[in-house]
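Taking it in order: structure first as structure tokens, then the write-up.
No lab work stands behind these numbers, since they all come straight from the coordinates. Note that the structure is a prediction, hence the values are computed from the model and not measured. Ideal geometry is used to build each Cβ from the backbone, glycine not excepted, and the neighbour counts take in all protein chains shown.
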Amino acid sequence: MAAALVRKVHHVAYRCKDARETVEWYGKYLGMGFVLAIAEDEVPSTKAPDPYMHVFIDAGGGNILAFFELPKQAPMDRDRNTPTWTQHLALEVGSMEEMLEAKARLEADGIEVVGPTDHTIFKSIYFFDPNGHRLELAFNTATPEMMQRLDDVKWAMLEEWARTRKAPHHARWMHDGSFSAGDKP
């Protein structure tokens, strides 16, 4: 395997309906600070005449979440051939209490939240931002033993999937309750 070229994610960019509303929403519900804004009348990479507002929000740990408001483009939509549960951005939180506090803030303002869902190695909640992007807040619960068990089978799982396109059962213990004593936190 080649040496890692990428150091970290510089930023992840999505489209938004309203840049100001988006910055304020992420600040209010997720405590994410507004880092900077860039606005142009022309796209730097393509030179297309397309005015935009590009906002950057602090996602913690040196990670940046960015959004483009594109007022001259067709209204936002989603990929209709992909289920809504697959396209999402998962953000890590430091504790179960923080996740449940965020859930309470969201629900208090009428935002539907699914979960907490127990994924064995983490617990999470799901909801949509004002732009229709699905978000997940996740709190890690894995033990080192669990992560080692998953690491030990990752290539075998990928190879079996590539051959059969059927779910391999190498890590079935994550969903059927068959952990060894001491594996589950």
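Taking the Cα centre of segment 86-140 as origin and assigning +1 to Lys and Arg Cβ atoms and -1 to Asp and Glu Cβ atoms, the resulting dipole is close to 120 debye. Given +1 at the Cβ of Lys and Arg, -1 at the Cβ of Asp and Glu and no other charges, the dipole of segment 68-185 around its Cα centre is 540 debye to the nearest 20. When DSSP beta bridges are restricted to pairs lying wholly in segment 81-185, around 65% turn out antiparallel.
State whether segment 35-80 is rounded, prolate or oblate according to the following rule on the C-alpha gyration tensor (a ≥ b ≥ c being the square roots of its eigenvalues): a/c under 1.5 gives rounded; otherwise a/b larger than b/c gives prolate, and the remaining case gives oblate. Oblate is the answer for segment 35-80, as a/c is 1.5 or above yet b/c matches or exceeds a/b.
For the chain, the longest piece that avoids every one of the trypsin sites (Lys or Arg not before Pro) found in DSSP loops with at most 14 other C-beta atoms within 10 Å covers 81-164. Sort segment 70-117 into rounded, prolate or oblate with this rule: let a ≥ b ≥ c be the square roots of the eigenvalues of the Cα gyration tensor; rounded if a/c is under 1.5, and if a/c is not under 1.5, prolate when a/b is larger than b/c, oblate otherwise. Judged from the Cα gyration tensor, segment 70-117 comes out prolate (a/c at least 1.5, a/b above b/c). Note that segment 124-135 has calculated 3J(HN,Hα) couplings of 8, 10, 10, 6, 10, 7, x, 9, x, 7, 7, 10 Hz, one per residue in order, obtained from phi through the Karplus relation 6.51 cos²θ - 1.76 cosθ + 1.60 (θ = phi - 60°); glycine and proline are x.
Think of segment 76-185 as having a plus end and a minus end, set by charges on the Cβ of Lys, Arg, Asp and Glu; of Gly177, Ala108, Met96, Gly177 sits farthest toward the positive end of this dipole. Need the list of lysines near Lys103 for cross-linking: C-alpha distance under 25 angstrom, and skip anything on the same chain fewer than eight residues off. Filter leaves Lys17, Lys28, Lys123, Lys184.
Ranking Ala162, Asn131, Ala74 by how far each Cα lies toward the positive end of the dipole of segment 73-185 (charges on Cβ) leaves Ala162 at the top. Take the alpha carbon gyration tensor of segment 86-140, find the square roots of its eigenvalues, order them as a ≥ b ≥ c, and report rounded if a/c is under 1.5; if not, report prolate when a/b exceeds b/c, else oblate. Oblate shape, in that a/c is at least 1.5 and b/c is the bigger or equal ratio.
Its Cα centre serving as origin, segment 1-87 has a Cβ charge dipole (Lys and Arg +1, Asp and Glu -1) of approximately 300 debye. The average projected area of segment 1-133, computed from the convex hull of its Cα atoms over all directions, is 10.9 nm².
When the chain is described by a simple charge dipole with +1 on each Lys and Arg Cβ and -1 on each Asp and Glu Cβ, the residue from Gly61, Pro144, Ala37 located farthest towards its positive end is Pro144.
Among Met1, Met146, Met96, the ranking by other beta carbons within 10 Å of each residue's beta carbon, starting with the fewest, stands as Met1, Met96, Met146.
Near Leu91, the amide H atoms lying under 5 Å from its own belong to Glu136, Leu137, Ala138; only residues 5 or more places off or on other chains count, and H is placed 1.01 Å from N.
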